[in-house]
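Worksheet for the structure shown next.
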């Protein structure tokens, strides 16, 4: 315009000497996949900033240029922008689904990290996130974490029950259960492995937690290993399995107990579980023609003499001495716990000491677990008494109401107030009493049992020296969440006040005899 001596208006509209201005063809969009800007040069067709990066990276060309373009990120300054251009429709949907699941579950998914992950996916040129090679990403970094999570969620969404039961490793989430794996691959005999899968597929809908089935699978893996060692054919032919092979397995467990590698209660449980599996497998028809156990001998059974007797009255549970408990529950020790992990952990330990419930049951308590019931007092008058409402999935009990004292109710009320203040935007009915500390933006997910175990272990290890009844230093390694909980569960049983609540504390162990299988405490019924 300046050289022509024209104003802006004359340049656009034209004059007597020059025609009106016309648009010129552009160089197109920048060839970098994540860039939405126009190209600055014709060859290579890059925007100004990517052209500058291209020159500083040695001016790659050919296939090296294609790989370079795929690796480049967006140059837009908006940190909220994620560019999914030049990805297949399926890949876009998979990444968006992974992002939505990450948000739903409280995972951190910053746009810049997601864009880095998208750039890596684009560089590999795969058609689906399930074909992605995560080895090309640095493990533990945000891009690797997002893509591994997204691939897992996409794989889970595309899974179905029929295809899952054919695998040798099951994802429990496909069956609507808690995350975890059920591994059948260590069972080397095909007939026993397929029988275990058929049995588990039938039973998994009848249990509240797959942990019940995992015990049986551990037994079957041990039985499989016993057949491999004791049978000339390794136990591959079910028709050749004899009663003697079952007796050999029972004998193997006895040797493990004698060596100190197996607890007596575990040995007792394993024999009972194998017996139950064989009976239920036969009842399901797995030993009939066409079934995986076809030709398995009918006389290959466990005898009553193979079973160990129930725990005797002399067998004691893993209870801690009272002098050790007093030191753990001393205000200074509880203050140290609170300083390490916060008020929630202290409240959980205090509640555990008050009610003797399983750790998993406390971790899943709802916020509104405290209720009141009318009960008669010593004079026969009705009074309002607090109860703790909770589930006991290990034994299939839902909505159990445990009478508690007022001091325990105070602990629960204080914890309820803290949780409501922490999550004011979540409905109380959706909250849990002990929320998970991470990936839990709405407070609806309970604390993980393993997390509490770790915090408990760290707390005990950092306390000042603990003393036993003899005044000598007490072994800290014997102080676990399990032994801590059993100390109070057993105390409820043997207390002088044989109330209904005292009996119900351990009644859910389902012991067939007069003693609890888990802690060895004698059950005392009310009255």
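The values are calculated or read from the model by the stated rules, or taken from the named source; none is laboratory data. Note that the structure is predicted; figures quoted are calculated from it, not measured. As a convention, Cβ positions derive from the backbone with ideal geometry for all residues, glycine included, and neighbour counts pool all protein chains shown.
Here are some notes:
- Residue match in region 175-187 (condition: touching a residue at least 12 places away in the same chain (Cβ under 8 Å) and part of a helix (DSSP H, G or I)): yes
- Restricting region 439-469 to residues that are free of Cβ contacts under 8 Å to residues at least 60 places away in the same chain and over 20 Å from residue 321 (Cα atoms) leaves a set whose member that is nearest to the chain's Cα centre (by Cα) is 450.
- Residue check, residue 443 outside the structural domain of residue 145 (by TED's automatic domain parsing), assigned to a loop (DSSP other than H, G, I, E, B) and modelled with pLDDT under 50: no
- Qualifying residue in region 38-56 (condition: under 30 Å from residue 148 (Cα atoms), surrounded by 13 or more Cβ atoms within 10 Å (Cβ to Cβ) and under 48 Å from the mean Cα position of the chain (by Cα)): yes
- Residue tally, condition surrounded by 16 or more Cβ atoms within 10 Å (Cβ to Cβ) and either in a loop (DSSP other than H, G, I, E, B) or out of contact with any helix residue (DSSP H, G or I) (no Cβ under 8 Å at 6 or more places or on another chain) (or both), over region 417-440: 8
- Of all residues making up region 326-354, the number that are assigned to a helix (DSSP H, G or I) and farther than 22 Å from residue 443 by Cβ: 12
- Among the residues of region 97-114, the ones that are assigned to a helix (DSSP H, G or I), surrounded by fewer than 19 Cβ atoms within 10 Å (Cβ to Cβ) and touching a residue at least 12 places away in the same chain (Cβ under 8 Å) come to 5 in all.
- Residue 235 passes every criterion in (1) crowded, with 16+ Cβ neighbours inside 10 Å; (2) in contact with a helix residue (DSSP H, G or I) (Cβ under 8 Å, 6 or more places away or on another chain); (3) in a helix (DSSP H, G or I) apart from (3).
- Pick from region 204-226, criterion in contact (Cβ under 8 Å) with a residue 60 or more places away in the chain and in a helix (DSSP H, G or I), ranking: farthest from residue 160 (Cα to Cα): 216
- Filter pass, residue 326 being farther than 25 Å from residue 206 by Cβ and in contact with a strand residue (DSSP E or B) (Cβ under 8 Å, 6 or more places away or on another chain): no
- Within region 455-484, being over 20 Å from residue 332 (Cα atoms) and either outside the structural domain of residue 350 (by TED's automatic domain parsing) or part of a helix (DSSP H, G or I) (or both) holds for 477, 478, 482, 483.
- Across region 74-89, not a single residue is classified as assigned to a helix (DSSP H, G or I) and surrounded by 13 or more Cβ atoms within 10 Å (Cβ to Cβ).
- Count of region 115-156 residues which are in contact (Cβ under 8 Å) with a residue 60 or more places away in the chain and surrounded by fewer than 12 Cβ atoms within 10 Å (Cβ to Cβ): 0
- Within region 270-287, considering residues that are in contact with a helix residue (DSSP H, G or I) (Cβ under 9 Å, 6 or more places away or on another chain) and in a loop (DSSP other than H, G, I, E, B), the one surrounded by the fewest Cβ atoms within 10 Å (Cβ to Cβ): 284
- Output for region 360-376, where each listed residue is outside any helix (DSSP H, G or I) and out of contact with any strand residue (DSSP E or B) (no Cβ under 7 Å at 6 or more places or on another chain): 368
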